[in-house]
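Peer 1: If you scroll down you'll find the structure; I have some questions about it.
The values are calculated or read from the model by the stated rules, or taken from the named source; none is laboratory data. Predicted model, so just to flag it, every value in this text is computed and none were measured. In this analysis, Cβ positions are derived from the backbone assuming ideal geometry, glycine residues included, and neighbour counts consider all displayed protein chains. SASA here: full protein model, heavy atoms, side chains in, ligands and nucleic acids out. Shrake-Rupley method; radii C 1.70, N 1.55, O 1.52, S 1.80 Å.
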Amino acid sequence: MNTPDPRPSGLVSSRAHSARVYDYILGGKDHYPVDAEAGEAMRQHWPALPVHMRENRRFMHRAGRVLAEEHGVRQFLDIGTGLPTSPNLHEVVQEVAPESHVVYVDNDPIVLAHARALLRSSPEGATAYVDADMHDPDAILGSPEFRDLIDLDQPVGLMVIGIMHFILPPEDRRLIARLLDPLPSGSYLAMTIGTADFAPEEVGRVAEEYRQQSMPMALRDLATATSFFDGMDLLDPGVTQVHTWRPGPEQEGVEGRDIAMYGAVARKR
């Protein structure tokens, strides 16, 4: 008698995946031994890695809330969603405006399975999940989910959180430009960008571990991170370490040397 394989179709569990490594480091349960092995090696190289990852996600919460609450954005495109961990983006923005639409994008089958089960919209709003790779922006922009939920006559919040360090130059700028291109004036880009500026040795060892797991990384200095927003209007306080971008009580006591990510939000002219 054959036993059905419980893993989602298309899953490659013999190789670590960034979303599942992230899940392991933050104490989740949706990963495989190869992800745990990679994550443990990274945490040994840099014990602050869980703090860094939590602050990256908290930046997304604050940026989404600012866009919904202060700038009236009611539709969002979230690239590289990762495994759902509450509060998710739609929970944050629909708390402000229940009618908000959120389109999530990722390309890991286990993320897909969880997203379809857990990323439930408010009754007034809508969420959808696109199974696509950021390296193929046309597949994202041409998907039925994007076309159905995103009105290109209204501003869009493009969220690119915790993924740009896996996009190597010169592809990085082309992909961001392609995703921004169809979005109307008054849309926003919220992005976090990995850096080794504050803990170069430790972060360098983490990057090498990712490379050995077939996930090469590009770490950017402040000038390079800032250049991603050229031609846009940065919201205050500009490009900063993620824990210092409009911080709240949760950021009290977070040390700069424990954060290897710049973050910013900018308006498309």
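One line per residue, one yes/no per condition, for (1) of a type in the set (S, T, N, Q); (2) farther than 30 Å from residue 204 by Cα; (3) modelled with pLDDT of 95 or more:
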position	(1), (2), (3)
70	no, yes, yes
93	no, yes, yes
114	no, yes, no
170	no, no, no
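Peer 1: Can you name the number of the only condition in (1) modelled with pLDDT of 95 or more; (2) assigned to a helix (DSSP H, G or I) that residue 238 fails?
Peer 2: Among (1) modelled with pLDDT of 95 or more; (2) assigned to a helix (DSSP H, G or I), residue 238 violates only (2).
Peer 1: Follow-up. If a residue has to be open to solvent by less than 10 Å² (accessible area, probe 1.4 Å) and either of a type in the set (Phe, Trp, Tyr) or under 14 Å from residue 191 (Cα atoms) (or both) to count, how many in the range 239-259 make the cut?
Peer 2: 2
Okay, residues lined up against (1) touching a residue at least 24 places away in the same chain (Cβ under 8 Å); (2) touching a strand residue (DSSP E or B) at 6+ places or on another chain (Cβ under 6 Å); (3) closer than 18 Å to residue 65 by Cβ:
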| position | (1), (2), (3) |
| --- | --- |
| 90 | yes, yes, yes |
| 110 | yes, no, no |
| 114 | yes, no, no |
| 131 | yes, no, no |
| 152 | yes, no, no |
| 165 | yes, yes, no |
| 182 | yes, no, no |
| 187 | yes, yes, yes |
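Peer 1: Turning to a different aspect of this structure: Quick check on the range 219-228. Is at least one of its residues part of a loop (DSSP other than H, G, I, E, B), exposed (fewer than 14 other Cβ atoms within 10 Å of the Cβ) and not β-branched (Val, Ile, Thr)? I'd like the intermediate steps shown before the answer.
Peer 2: Keep residues of the range 219-228 that are part of a loop (DSSP other than H, G, I, E, B), which gives 219-221, 228.
Right, trim to exposed (fewer than 14 other Cβ atoms within 10 Å of the Cβ) and you get 221.
Cutting the leftovers down to not β-branched (Val, Ile, Thr) gives us 221.
Within the range 219-228 (the criterion being part of a loop (DSSP other than H, G, I, E, B), exposed (fewer than 14 other Cβ atoms within 10 Å of the Cβ) and not β-branched (Val, Ile, Thr)), the answer is yes, since at least one residue qualifies.
Peer 1: Shifting gears a bit: Would you check which residues across the range 148-160 are hydrophobic (A, V, I, L, M, F, W, C) and either at pLDDT below 95 or in a helix (DSSP H, G or I) (or both) and list them?
Peer 2: First pass over the range 148-160, keeping only residues hydrophobic (A, V, I, L, M, F, W, C): 149-150, 152, 156, 158-160.
Result: 149, single match.
Peer 1: Answer yes if at least one residue in the range 49-57 is among the hydrophobic types (A, V, I, L, M, F, W, C), touching a residue at least 12 places away in the same chain (Cβ under 8 Å) and within 22 Å of residue 183 (Cβ to Cβ), and no otherwise. Lay out the reasoning, then the answer.
Peer 2: Taking the range 49-57 first, the residues among the hydrophobic types (A, V, I, L, M, F, W, C) are 49, 51, 53.
Cutting the leftovers down to touching a residue at least 12 places away in the same chain (Cβ under 8 Å) gives us 49, 51, 53.
If we keep only those that are within 22 Å of residue 183 (Cβ to Cβ) too, we end up with none.
No: zero hits.
Peer 1: Still on this structure: Given the options 209, 145, name the one that is in a helix (DSSP H, G or I), in contact (Cβ under 8 Å) with a residue 60 or more places away in the chain and among the charged types (D, E, K, R).
Peer 2: Result of the check over 209, 145: 209.
Peer 1: Something else about it: Cβ-Cβ distance below 6 Å, separation of 6 or more or different chains: which pairs start in the range 94-107 with a residue that is farther than 20 Å from residue 80 by Cα and end on one that is in a helix (DSSP H, G or I)?
Peer 2: Going by the 6 Å Cβ cut-off, the qualifying pairs are 96/68; 96/69; 97/68.
Peer 1: Okay, moving on. How many residues does the range 202-235 contain that are at pLDDT below 95 and of a type in the set (D, E, K, R)?
Peer 2: Number satisfying all stated conditions: 5.
Peer 1: Here's something else I'd like to know. Residue by residue through the range 161-184, note down the ones that are farther than 16 Å from residue 105 by Cβ and of a type in the set (Gly, Ala, Ser).
Peer 2: Of everything in the range 161-184, just one residue is farther than 16 Å from residue 105 by Cβ and of a type in the set (Gly, Ala, Ser), namely 177.
Peer 1: Residues being of a type in the set (Val, Ile, Thr) and either modelled with pLDDT under 85 or open to solvent by 50 Å² or more (accessible area, probe 1.4 Å) (or both): count how many of those fall in the range 116-130. Break it down stepwise before answering.
Peer 2: At the first step, the residues of the range 116-130 found to be of a type in the set (Val, Ile, Thr) are 127, 130.
With either modelled with pLDDT under 85 or open to solvent by 50 Å² or more (accessible area, probe 1.4 Å) (or both) added as a condition, the list becomes none.
Final tally of qualifying residues: 0.
Peer 1: On to the next question. Could you list, in sequence order, the residues of the range 177-206 that are open to solvent by less than 30 Å² (accessible area, probe 1.4 Å), within 19 Å of residue 79 (Cβ to Cβ) and in a helix (DSSP H, G or I)?
Peer 2: 179, 180
Peer 1: Being closer than 20 Å to residue 20 by Cα and among the charged types (D, E, K, R) is the filter here, so list the residues in the range 55-108 that pass it.
Peer 2: Passing the criteria: 55, 57, 58, 78, 106, 108.
Peer 1: Considering only residues that are open to solvent by 10 Å² or more (accessible area, probe 1.4 Å) and in a helix (DSSP H, G or I), which ones fall in the range 93-115?
Peer 2: Matches in the range 93-115: 94, 95, 96, 109, 110, 112, 113, 114.
Peer 1: Where residues in the range 21-80 are charged (D, E, K, R), within 30 Å of residue 155 (Cβ to Cβ) and surrounded by fewer than 23 Cβ atoms within 10 Å (Cβ to Cβ), which of them is nearest to the chain's Cα centre (by Cα)?
Peer 2: Here is the first cut: in the range 21-80, the ones charged (D, E, K, R) are 23, 29-30, 35, 37, 40, 43, 54-55, 57-58, 62, 65, 69-70, 74, 78.
Next cut, within 30 Å of residue 155 (Cβ to Cβ) only: 54-55, 57-58, 62, 65, 69-70, 74, 78.
With the extra rule that they be surrounded by fewer than 23 Cβ atoms within 10 Å (Cβ to Cβ), the set shrinks to 54, 57-58, 62, 65, 69-70, 74.
Numbers: 54: 12, 57: 8, 58: 11, 62: 13, 65: 15, 69: 20, 70: 21, 74: 18 Å.
This residue is 57.
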